[in-house]
Structure formats: structure tokens, C-alpha cells
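The values are calculated or read from the model by the stated rules, or taken from the named source; none is laboratory data. Quantities reported herein were computed from a predicted structural model and do not represent experimental measurements. Please note: Cβ atoms are built from the backbone with ideal geometry, for glycine as well, and neighbour counts cover all protein chains shown.
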């Protein structure tokens, strides 16, 4: 077989703004999008909804465009296009492995998203495994487990470690600790290194939901001694429908194939199938989302090439400006589990007294051209905890347990942040 050369198309970096290091910031598609507001005029769109789905980076779009002319099915084709696409797909797997600092023998399984990845792992748990999970988790981490012990929201990080320690100590048999790296509601960072240590001390494994971490911070699975991590491309500036589960091979190799079909089998005879032992083909039956995997890898490459130090510094500057601006407005409440000073990624959820979350979000969009998220953020138990129980002062019931979430990333500007703060100030002044 001849050696295949993979050509990567990237947009010109000359038009992109540069960091203090001199490295160009990858541009996002839609940065010049204009949207209609009340009165019919057009304004530049202030996208502050990155935590739901981040916009596409130009290098990601370019990588997909470069792959399309030779796009073909992978793994089982002898033609040049199939061989080239297979090489790109498998290179994407190596890129993701390096991006998260995985161990050399860790499996890298492409999925649809984080929810898909956690459900895949749930189907591979050894018989009798008990999952330990906090009520602060996204539903993707809260719901898939056949047997689970649910822990109350901890009052501080050390309590999270203590609660996990006690819960794991009380469980016999296989066990898995499930925890987020960064909350999708508050953005707060969790003590995943300490939790991994506790899990391993009790003979348990740990799964980290890294969906909200990897767009904002570097992750090193090996250094943190994590067993599994899962995340989504659409939150990592690669909105093409791919996610990934990375981690130890043995549970994945022994689990029932996630999808039963072509590619997952070594052979099929009269007595049934012989499944692949390797986790990647075993759990990637059918034609995979090749373009999604290529996009995900391109996003990993773009963030790695840009570097994290300046990106984090700029994000922290914008988040501090946003939180400080909102804190100065009467009736606005910034939601937090562990206090204002706890480190977080670029997410701020808040409520505005006198308005429902939907009213605020609709006004921000319709009058100011600002995109935010409102609702329960697929974290119903956690949001109810943050907002208080019925009967408590400031408490809520299920119908009103909603908040507004503003989230930032590459492409967010100071003008976007200031526009949001001024818009909320205007809304409060109308009451």
C-alpha cells in the first residue's frame, strides 16, 4: 500500500488578532453576523451562549472543507479516497489522544457527544458496578447508571472529597466515581485530582465529564490519573456532531458492543458474531461521523497551537468584568456553589428579580442582539439547589427553577460583555 499524504487546509492567519505571545487567535465563523432587533435595525450579534454550542473555528471549517473532495467511507475500502479518509480519521484519534494527555494504551472512541460517551461507558461497566455521582451533575452524567448512589451538593470542595470518600468506602464490588471537571451551570472547577486519588484509594475508577473544561483549560488525563474522560466537539468549536470517550481499555473491551453492526465484528457465522476485542472498532459499528472526528481533531490542534496562557488570561478578564458589572445591578443574583472567589471557566448563570429567565433571554435577544441560554441547563437538581427550595426565602418551585446563563470563549469581546451588563441594567430600570 502506498503512503498517503494528508493535506490540511488552514485559513490565512494574517487577518486573525494576535495574543501577547504573538500567536494568532483562531477566528470563529459568524463573528460578523448581524441580527435584527426591535424596530427592524441590524446589530452585530453578541454570542454569549458558548456553553451550549461554541461557534466553529475557521481552522475547523477549513479542515472539513479540505476533507470533502476525497470524502469516503473508512476502514474497509481499497480505493484511494477511502484510504485517505481512513488515514485522516485515525489521525484524528491520535490528535485527540495527545490533546487530553492520554496514556499510550488508552482507548479513544468517537461518539456523537458527551451524553453518548457516558451512556457507552455505562453499558460496559462490570456486573454489579455502583456509580457515585453528585446531584450537581449534568443529566448526561447523572442518569445513565444502572446502579447509583447520589450525593447532595457539597458546601465546599473539601466536602466533595469527603462525601465521595465516605460513599465509596461503603460500597462493595466494582465502583465508579462520576464527576464534572467544570460545572455547566456555574462554571466552577471541581477538585478532580483529589477525587481521582480518593477513588483509586477505594479501588474505584473515575469518569470525568470534561465537556465544559476542554474548551477553556488544558487537560492532562495521565497527570491527573483519570480513568475516563468524555467531551463533545460542539462545545470545543467543532459543531459537526462528534464526541469522544477516552480511557482504560479493559472495561470497554469486555463490554457489550454499544452498536451491533458492521465494523464491530471479526466475523459472523451460523452460531453468531465474534466481536472485536479492541474497543474502538467494537463500539464504532457502522459508518462513523468521519467529518465530525476530523473537525474535533482540528479544534484540538488549533487550541494547542494557540496556547492556553493568554487565552485563559483573556477569558478571566472578561468573566471578571461580566460578574463585576452584574454584581453592581440591584436584584441580579450570580449563582455559585462555592462562593464568588472559587475559580471558574467562562460561564455565569444569574437571575434578575422581577423577571423570569425566559423574559430576560427574550429581551436580550429581541432588543439588544445578545444570545444567552435560559432554563435549567439539563441540571435540574442542581439548579433547584442553587435557587432554593419552596418555602425558603427566595426559593422556587419546579416551574420557576430557571436562570439565565451567559458563557464566553474565543471570539467574545469586551463590547459583548458590556452590552449584556448595560442591557440587564436597562431591564432592571424598567421595573
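Key figures
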{"quantity": "Single unsatisfied condition, residue 299 versus (1) under 22 Å from residue 31 (Cβ atoms); (2) surrounded by 15 or more Cβ atoms within 10 Å (Cβ to Cβ); (3) outside the structural domain of residue 69 (by TED's automatic domain parsing); (4) in contact (Cβ under 8 Å) with a residue 12 or more places away in the chain", "calculated": "(3)"}
{"quantity": "Residue in the stretch 245-255 that is closer than 15 Å to residue 115 by Cα, at pLDDT 95 or above and within 20 Å of the chain's Cα centre (by Cα) present", "calculated": "yes"}
{"quantity": "Selection count, the stretch 272-300, where residues are in contact with a strand residue (DSSP E or B) (Cβ under 7 Å, 6 or more places away or on another chain) and part of a strand (DSSP E or B)", "calculated": "3"}
{"quantity": "Residue identified as assigned to a strand (DSSP E or B) and either buried (at least 18 other Cβ atoms within 10 Å of the Cβ) or in contact with a helix residue (DSSP H, G or I) (Cβ under 6 Å, 6 or more places away or on another chain) (or both) among 213, 176", "calculated": "176"}
{"quantity": "Members of the stretch 23-61 that are modelled with pLDDT of 95 or more and assigned to a strand (DSSP E or B)", "calculated": "28, 34, 35, 36, 42, 43, 44, 46, 47, 49, 57"}
{"quantity": "Residue 96 in contact with a strand residue (DSSP E or B) (Cβ under 9 Å, 6 or more places away or on another chain), crowded, with 22+ Cβ neighbours inside 10 Å and farther than 23 Å from residue 259 by Cβ", "calculated": "no"}
{"quantity": "Residues of the stretch 179-193 classified as in contact (Cβ under 8 Å) with a residue 60 or more places away in the chain and assigned to a loop (DSSP other than H, G, I, E, B), total", "calculated": "5"}
{"quantity": "Residues that are in a helix (DSSP H, G or I) and more than 11 Å from residue 181 (Cα to Cα), drawn from the stretch 194-208", "calculated": "194, 196, 197, 198, 199, 200, 201"}
{"quantity": "Residues located in the stretch 235-265, provided they are surrounded by 24 or more Cβ atoms within 10 Å (Cβ to Cβ) and not in a strand (DSSP E or B)", "calculated": "235, 236, 237, 238, 242"}
{"quantity": "One residue from 65, 102 being assigned to a loop (DSSP other than H, G, I, E, B) and under 20 Å from residue 301 (Cβ atoms)", "calculated": "102"}
{"quantity": "Residue match in the stretch 351-369 (condition: in contact (Cβ under 8 Å) with a residue 60 or more places away in the chain, crowded, with 18+ Cβ neighbours inside 10 Å and in a loop (DSSP other than H, G, I, E, B))", "calculated": "yes"}
{"quantity": "Residue 202 vs. criteria modelled with pLDDT under 95 and surrounded by fewer than 21 Cβ atoms within 10 Å (Cβ to Cβ)", "calculated": "no"}
{"quantity": "Selected residue [modelled with pLDDT of 95 or more and out of contact with any strand residue (DSSP E or B) (no Cβ under 9 Å at 6 or more places or on another chain)] from 223, 196, 182", "calculated": "223"}
